[in-house]
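Input: a single structure, listed below in structure tokens.
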Amino acid sequence: MSVNKEIKKVTTNTLQRLKEGGQKISMLTAYDFSFAHIIDNAGIDVILVGDSASNVMAGHETTLPITLDQMIYHASSVIRGTSRCLVVVDLPFGSYQSNSEIALASAIRIMKETGAHAIKLEGGEEETECIERIVNAGIPVMGHLGLTPQSIYKFGTYTVRAKEEVEANKLKKDAALLQQAGCFAVVLEKIPALLAKEVTESLNIPTIGIGAGMYCDGQVLVMHDMLGITTEFQPRFLRTYLNIREQVTGAVKQYIADVKNNSFPNESEQY
Ligand code: KIV
């Protein structure tokens, strides 16, 4: 059973109730109308319009280049395709780190211009002032700790974070601060499963893991990775549910052959 029919419209309160009831939260990324429509109809709880659009939609190496205007374009397309799930939109790199006034202005643009329900931003203690200001304006905020891709040039690598005690302790402290600042949930990316378990048990708000093991309150994957659209990205945590790339390649090759050998269109496919 994938779709919980009792939930007509997923809100941040729904996620809290799912955690409290010991039920897992499902989240996937989407960036356009058509896929958002499919994913929403399939019964996903949350769609994240992730800044991973920078990688999988625009072909950039990192999430850093995507702009607020581009995120707004993706998010408004996703919103038009959804009716049930909660839609969360990433604040892109550079749209919130300078100060809380800029952060609030960016969050307001996303809410006003896309119709999304919440925003997500990366970082711990250093972002709590931004989070409080955005939450105080009535905008729900999802946090993001562990491997935070907007800081890739600081980390230097995409390997597992917080394996050492100092970083693990900072992450635990940051998680508590994000909750205190008013976040309704927090993404934990690429950290040891037992650390994610400890954080999940210590927080009242839900944790959503990606490469953070089985104890999180929910899971998120990048849609292009789990559908097998991207093939070069094969981390241990990724389960690939489909090989769309192979299927699309087969369909396109067949179409090319049909056109070339004059078998498309046939008589019933013309006027
Ligand atoms: O941008 C994104 O897709 C994300 C997920 C990896 C959580 O932030």
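The values are calculated or read from the model by the stated rules, or taken from the named source; none is laboratory data. Nothing here was measured: the structure is a model prediction, and the numbers come from that model. Positions of Cβ are backbone-derived with ideal geometry, glycine not excepted, and every protein chain shown enters the neighbour counts. Note: areas computed on protein heavy atoms with side chains; ligands, DNA, RNA excluded. Shrake-Rupley method; radii C 1.70, N 1.55, O 1.52, S 1.80 Å.
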Check your understanding: Just for region 194-206: of the residues that are assigned to a helix (DSSP H, G or I) and not β-branched (Val, Ile, Thr), which one is nearest to the ligand (Cβ to nearest atom)?
Key -> 196
Study note, to complete from the structure: Cβ pairs under 6 Å, 6+ apart or interchain, first in region 109-126 and closer than 17 Å to residue 170 by Cα, second among the β-branched types (Val, Ile, Thr), ordered by first then second residue, are 122/148
**Study point:** Sole exception among (1) away from the ligand (no atom under 14 Å from the Cβ); (2) among the hydrophobic types (A, V, I, L, M, F, W, C); (3) surrounded by 24 or more Cβ atoms within 10 Å (Cβ to Cβ); (4) part of a loop (DSSP other than H, G, I, E, B) for residue 191, by number
**Key:** (1)
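Conditions tested, residue by residue: (1) open to solvent by 70 Å² or more (accessible area, probe 1.4 Å); (2) in a helix (DSSP H, G or I); (3) touching a helix residue (DSSP H, G or I) at 6+ places or on another chain (Cβ under 7 Å); (4) outside the structural domain of residue 235 (by TED's automatic domain parsing).
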residue	(1), (2), (3), (4)
77	no, yes, yes, no
103	no, yes, yes, no
122	no, no, yes, no
129	yes, yes, yes, no
Study note, to complete from the structure: Of the residues in region 3-61, those that are in contact (Cβ under 8 Å) with a residue 40 or more places away in the chain, charged (D, E, K, R), surrounded by fewer than 24 Cβ atoms within 10 Å (Cβ to Cβ) and over 18 Å from residue 216 (Cα atoms) number 4
Practice item. Scan region 213-267 for residues that are in contact with a helix residue (DSSP H, G or I) (Cβ under 7 Å, 6 or more places away or on another chain), within 24 Å of residue 47 (Cα to Cα), away from the ligand (no atom under 15 Å from the Cβ) and open to solvent by 60 Å² or more (accessible area, probe 1.4 Å) and report the count. Key: 5
Exercise for review: May I ask you to verify whether residue 209 is in a strand (DSSP E or B) and open to solvent by less than 50 Å² (accessible area, probe 1.4 Å)?
Suggested key: yes
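Has region 161-168 got any residue that is assigned to a helix (DSSP H, G or I), crowded, with 20+ Cβ neighbours inside 10 Å and at negative phi?
No; the residues of region 161-168 include none that is assigned to a helix (DSSP H, G or I), crowded, with 20+ Cβ neighbours inside 10 Å and at negative phi.
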Practice item. Tell me, please, whether a residue that is of a type in the set (Gly, Ala, Ser), within 16 Å of the chain's Cα centre (by Cα) and within 20 Å of residue 147 (Cα to Cα) can be found in region 73-94. Key: no
Review point. Which members of region 18-64 meet the condition of being within 16 Å of the ligand (Cβ to nearest atom) and either hydroxyl-bearing (Ser, Thr, Tyr) or at pLDDT below 95 (or both)?
Key: 26, 29, 31, 52, 54, 62, 63
Check your understanding: Has region 173-183 got at least one residue that is at pLDDT 95 or above, open to solvent by 70 Å² or more (accessible area, probe 1.4 Å) and outside any loop (DSSP other than H, G, I, E, B)?
Key -> yes
